[in-house]
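Here is the structure we will look at.
The values are calculated or read from the model by the stated rules, or taken from the named source; none is laboratory data. Quantities reported herein were computed from a predicted structural model and do not represent experimental measurements. Using ideal geometry, Cβ is built from the backbone for each residue, glycine included, and neighbour counts are taken over all protein chains shown. Each accessible area value is taken on the protein alone, full model and side chains, heavy atoms only, with ligands, DNA and RNA left out. Shrake-Rupley method; radii C 1.70, N 1.55, O 1.52, S 1.80 Å.
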Amino acid sequence: MRVLILGGTAEARDLAARLVDRPGLSVISSLAGRVADPRLPVGEVRIGGFGGADGLARWLDTHPVDVLVDATHPYAARIRTAAVTAAAQVGVPHLRLERPGWTARPGDRWHRVPDVAAAVRELPALGRRVLLTTGRQSLAAFRPSTGLWILARVVDAPDEPLPQHIRLLRSRGPYTLAGELELIRTHRLDVVVTKDSGGRLTEAKLDAARQLGLPVLMIDRPVPAVHPTTVSGVDEAVDWVSALPVQPG
Ligand code: NAP
């Protein structure tokens, strides 16, 4: 049985590692190719878009794939929809692996907003010196926020030069509480902007914000247009794949 994992997340890498040595299974992981130096999963990897749902359906049709696991990031809305459409079109079993979002704890000062545009609007009411962790693709939206000073933490720099009020910090998690506290104190940051990505690797900023009493502007996950069979953890995904009937070769 051949499994295609749509990746770009820690869970996708974990899943590939858990499946790759299973007898009777072969695994290929797919990455979008957005990051210059991606963390690669073990096993076979392909990189680059498929060309929308139709392109993915063609790819599934022309490659020997029996199962599709979409383990892409909770905010990767386009590939998620394409996966549902393409899997249905070709008749390949399809699972969505999506980590849960974060849960507020006592002392948290979270302000939830539906999207980046709402975050840009609400930000000036919450602080002046911003730790922005929403990724390279959202930076353009904060260009007009000239009354603020923004430390934008990104994996890769954007192609376009940034205005003076946005300073880039190139870095990739995981992050520690001590490191996040130091970052916030060094730059005298007074608000954190984040997606509700969930997971342990990047949650230290929330612990640091709680400890220092900082508000967090949290951009909600996009509401999915379609709801495929979904699991929230790698163990469940392994069980789901393992329970599928083996395809005749
Ligand atoms: P997106 O908006 O849903 O996807 C944009 C396009 O990128 C898709 O239409 C598809 O191109 C291609 N693509 C996305 N994921 C792919 C994959 N795993 N394999 C092959 N092609 C893929 O996604 P995004 O938000 O730009 O995220 C891109 C990748 O980064 C995803 O794999 C995601 O898991 C990872 N990531 C995203 C975030 C985030 O905050 N969005 C954070 C961490 C990691 P075609 O239409 O040409 O097929």
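From the list Thr230, Thr202, Thr176, Thr186, exactly one residue is of a type in the set (Ser, Thr, Tyr) and without any contact (Cβ under 8 Å) to a residue 24 or more places away in the chain. Which is it?
Just a single option satisfies the conditions, and that option is Thr186.
Can you name the residue in the stretch 5-25 that is over 27 Å from Gly135 (Cα atoms) and in contact with a helix residue (DSSP H, G or I) (Cβ under 9 Å, 6 or more places away or on another chain) and is also farthest from the ligand (Cβ to nearest atom) among such residues?
Arg22
Residue-by-condition table, conditions (1) of a type in the set (Gly, Ala, Ser); (2) under 19 Å from the mean Cα position of the chain (by Cα); (3) surrounded by fewer than 17 Cβ atoms within 10 Å (Cβ to Cβ):
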{"position": "Ala12", "(1), (2), (3)": "yes, yes, no"}
{"position": "Ala16", "(1), (2), (3)": "yes, yes, no"}
{"position": "Asp21", "(1), (2), (3)": "no, no, yes"}
{"position": "Gly24", "(1), (2), (3)": "yes, no, yes"}
{"position": "Leu31", "(1), (2), (3)": "no, yes, no"}
{"position": "Arg34", "(1), (2), (3)": "no, yes, yes"}
{"position": "Arg46", "(1), (2), (3)": "no, yes, yes"}
{"position": "Gly51", "(1), (2), (3)": "yes, no, yes"}
{"position": "Leu56", "(1), (2), (3)": "no, no, no"}
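Within the stretch 43-62, is even one residue within 8 Å of the ligand (Cβ to nearest atom), in contact with a Leu (Cβ under 6 Å, 6 or more places away or on another chain) and in contact (Cβ under 8 Å) with a residue 60 or more places away in the chain?
Taking every residue of the stretch 43-62 in turn, none turns out to be within 8 Å of the ligand (Cβ to nearest atom), in contact with a Leu (Cβ under 6 Å, 6 or more places away or on another chain) and in contact (Cβ under 8 Å) with a residue 60 or more places away in the chain.
When the residues of the stretch 81-137 are narrowed to those that are among the charged types (D, E, K, R) and away from the ligand (no atom under 16 Å from the Cβ), which ends up least open to solvent (accessible area, probe 1.4 Å)? Spell out the reasoning first.
Taking the stretch 81-137 and keeping what is among the charged types (D, E, K, R), we get 96, 98-99, 105, 108-109, 112, 115, 121-122, 128-129, 136.
When the remaining residues are screened for being away from the ligand (no atom under 16 Å from the Cβ), the result is 105, 108-109, 112, 121-122, 128-129.
Numbers: Arg105: 114, Asp108: 31, Arg109: 112, Arg112: 111, Arg121: 171, Glu122: 89, Arg128: 123, Arg129: 58 Å².
Here the answer is Asp108.
I need a count of the residues in the stretch 93-135 that are touching a strand residue (DSSP E or B) at 6+ places or on another chain (Cβ under 6 Å) and without any contact (Cβ under 8 Å) to a residue 40 or more places away in the chain.
1
Just give me the residues in the stretch 148-173 being modelled with pLDDT of 95 or more, outside any strand (DSSP E or B) and surrounded by fewer than 14 Cβ atoms within 10 Å (Cβ to Cβ), in sequence order.
If the condition is that a residue be modelled with pLDDT of 95 or more, outside any strand (DSSP E or B) and surrounded by fewer than 14 Cβ atoms within 10 Å (Cβ to Cβ), then Pro163, Gln164, Ser171 are the ones that fit.
Any idea which residue in the stretch 64-80 is modelled with the lowest pLDDT, counting only those that are closer than 19 Å to Leu244 by Cα and open to solvent by 30 Å² or more (accessible area, probe 1.4 Å)?
Pro64
Across the stretch 138-147, which residue is surrounded by the fewest Cβ atoms within 10 Å (Cβ to Cβ) among those that are in a helix (DSSP H, G or I) and not hydroxyl-bearing (Ser, Thr, Tyr)?
Here the answer is Ala140.
Please count how many residues of the stretch 188-241 are on the phi > 0 side of the Ramachandran plot and open to solvent by 60 Å² or more (accessible area, probe 1.4 Å).
Going through the stretch 188-241 one residue at a time, the tally reaches 1.
Taking the condition of being outside any loop (DSSP other than H, G, I, E, B) and touching a strand residue (DSSP E or B) at 6+ places or on another chain (Cβ under 9 Å), how many residues in the stretch 174-203 meet it?
The qualifying residues number 8.
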